[in-house]
Amino acid sequence: MFTLKTDKVLANALFLAFVSLLFAGCGGNSDSSSSPTTSIYYTVSFYDSNLDLVRTQSATNATVINLAAIDGGVWYKANESTAIKSYTINQSINFYETASVVEITDQVGLDNIRTNLLGHFILTDDIALTDSSGFDAQGWVSIGNYNTPFSGILNGNGHTISGLWMNRTASNNEYDGLFGSVSNGVIKNLGVETSDEGVEGYNYVGIIAGIITNSTITNSYTKGSISGRNSVGGIAGFVYTDAKIARSYSSSNVYGAWDGVGGIAGTVQGAPMGISAGSALIADSYTTGNVSGAASWVGGIAGNVQRQAVINNCYAKGDISGVSSVGGIAGRVYYMSNITNNAAINNLVEGLSYFGAIVGENGSVNTANNMIKNNFVLDMIGVAGGSVLKTKSELQTQKTYSDDINGDGLGGLGWNFGNDDANPWQVTEDGYPKLYWE
């Protein structure tokens with residue numbers, strides 16, 4: 001199990017105080033005459049409509065909770081559609097603001113997500129993919145496809161799915177991963193690890209998702225190996241329109257035989273030409289795996305970044321190699337896209353043409369349309385546009401990032417240090433900048 005921060009503040013002060021008083025006043029709690037050795041304690045957790053954890057409370061056996069008095073009084077048990085007014089504690093239990101939330105405890109439950117693509121799901125245990133549920137002869141069958149995507153919520157709840165593998169390299173295979181396609185959906189707090197065989201696909205291949213559209217993946221990680229042809233990524237193959245990957249990392253090794261290969265995503269693309277709204281985003285994330293491609297657009301974070309796409313507050317450590325348009329952060333940047341506040345600390349970035357420490361190719365018709373600035377590069381791998389060359393020792397001190405080296409009075413390169421999304425960076429004594437949630 002791994003620990004990740006939730007997307008929202010765990011509770012507001014009034015809610016915390018109210019529920020604490022509620023539990024304190026309920027029957028069944030031990031009084032001063034009770035022996036502490038005879039008390040049995042259970043964990044009671046509350047999740048809001050987004051499946052974010054609101055509060056966890058320890059309660060003794062036989063405590064009666066007046067649920068009707070808590071935050072509007074509409075709470076449900078897992079798999080139930082009728083709200084309950086009170087509950088006598090006799091086990092650890094979760095309550096939800098949304099009806100019919102499905103708690104997944106095993107591989108069969110994970111496989112059953114495909115029967116309810118609009119559902120709300122939460123993992124209550126790690127899952128090792130060891131039997132045939134969800135598999136055919138070519139490996140795991142992706143949940144959701146381009147025409148019928150997953151549009152619900154999956155909260156991994158800090159748990160890991162391990163043993164994922166597939167071998168779907170035929171040219172008619174597209175959109176493969178744990179999920180094939182996610183549209184208007186949410187995946188959070190989830191770890192996915194491949195088996196030794198890894199994930200092999202054709203186009204739009206990612207360990208968590210082949211493609212995400214108007215969707216988010218947050219507080220998640222992947223580990224293992226993945227390969228394919230076009231748009232291959234360690235977390236998602238294609239991040240499209242108003243889609244976001246944040247506070248996530250991949251230690252996976254990624255290989256692509258053609259265009260668009262990245263440590264986090266193969267392709268990050270905002271709104272199509274002619275549509276002003278919609279900016280695809282990768283933020284506050286990092287990679288440690290190696291990324292390689294046999295053709296073009298290979299990057300430590302993303303291979304192809306185009307049409308109002310953004311990579312912000314990320315770093316890449318792995319070796320990056322390809323033929324053309326190879327970058328420590330992004331392979332190719334095109335049409336009003338931004339690469340800002342990133343660190344390329346790769347040991348190797350190499351290609352035959354158009355390669356650079358931050359960006360391999362700035363490919364806009366008017367390169368000024370792209371914003372590539374305030375990025376740092378380890379001096380051993382060379383210099384690229386929009387980057388500042390620094391030695392290893394310099395990159396190990398916060399002063400490098402926070403001094404007003406631009407002379408604009410804004411301080412350093414605009415990197416913000418702290419413990420939240422607005423101030424995501426920290427510098428440790430023994431290395432490079434890290435993200436606060438690591």
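Tyr146 meets the conditions (1) part of a loop (DSSP other than H, G, I, E, B); (2) farther than 28 Å from Arg229 by Cβ; (3) in contact with a Ser or Thr (Cβ under 6 Å, 6 or more places away or on another chain) in every case but one. The failed one is (2).
Okay, residues lined up against (1) small (Gly, Ala, Ser); (2) free of Cβ contacts under 8 Å to residues at least 12 places away in the same chain; (3) within 18 Å of Leu123 (Cβ to Cβ):
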position	(1), (2), (3)
Val64	no, no, no
Ala68	yes, no, no
Asn79	no, no, yes
Ile84	no, no, no
Tyr87	no, no, no
Ile93	no, no, yes
Glu97	no, no, no
Ser100	yes, no, yes
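Condition (residue is in contact with a Lys or Arg (Cβ under 6 Å, 6 or more places away or on another chain) and either within 21 Å of Ser195 (Cβ to Cβ) or of a type outside the set (A, V, I, L, M, F, W, C) (or both)) applied to region 123-133: is it met by at least one residue?
Applying the first criterion (in contact with a Lys or Arg (Cβ under 6 Å, 6 or more places away or on another chain)) to region 123-133 yields none.
Among the residues of region 123-133, not one is in contact with a Lys or Arg (Cβ under 6 Å, 6 or more places away or on another chain) and either within 21 Å of Ser195 (Cβ to Cβ) or of a type outside the set (A, V, I, L, M, F, W, C) (or both), which makes the answer no.
What strands (runs of 3 or more DSSP E) completely inside region 65-119 contain at least 3 residues that are under 26 Å from the mean Cα position of the chain (by Cα)? The strands (runs of 3 or more DSSP E) meeting that bar are 93-96, 102-104.
Of everything in region 300-358 that's over 22 Å from Ala246 (Cα atoms) and polar (S, T, N, Q), which residue is surrounded by the most Cβ atoms within 10 Å (Cβ to Cβ)? Here the answer is Ser325.
For Ala271, state whether it is more than 26 Å from Phe135 (Cβ to Cβ), of a type in the set (A, V, I, L, M) and out of contact with any Gly (no Cβ under 7 Å at 6 or more places or on another chain). First the steps, then the outcome.
Details: more than 26 Å from Phe135 (Cβ to Cβ): yes; of a type in the set (A, V, I, L, M): yes; out of contact with any Gly (no Cβ under 7 Å at 6 or more places or on another chain): no.
So Ala271 does not fit the description; no.
Among the residues of region 235-256, some residue qualifies, meaning at least one is in contact (Cβ under 8 Å) with a residue 12 or more places away in the chain, among the hydrophobic types (A, V, I, L, M, F, W, C) and surrounded by fewer than 24 Cβ atoms within 10 Å (Cβ to Cβ). When Ser181, Ser162, Ser231 are screened for being on the phi > 0 side of the Ramachandran plot and either part of a strand (DSSP E or B) or among the basic types (Lys, Arg) (or both), only Ser231 passes.
Every read-out reported here was derived from the displayed coordinates using simple, explicitly stated rules and does not represent laboratory data. It should be emphasised that the depicted structure is a prediction, and the values quoted were computed from it without experimental measurement. Positions of Cβ are generated from backbone atoms using ideal geometry, with glycine treated the same way; all protein chains shown enter the neighbour counts.
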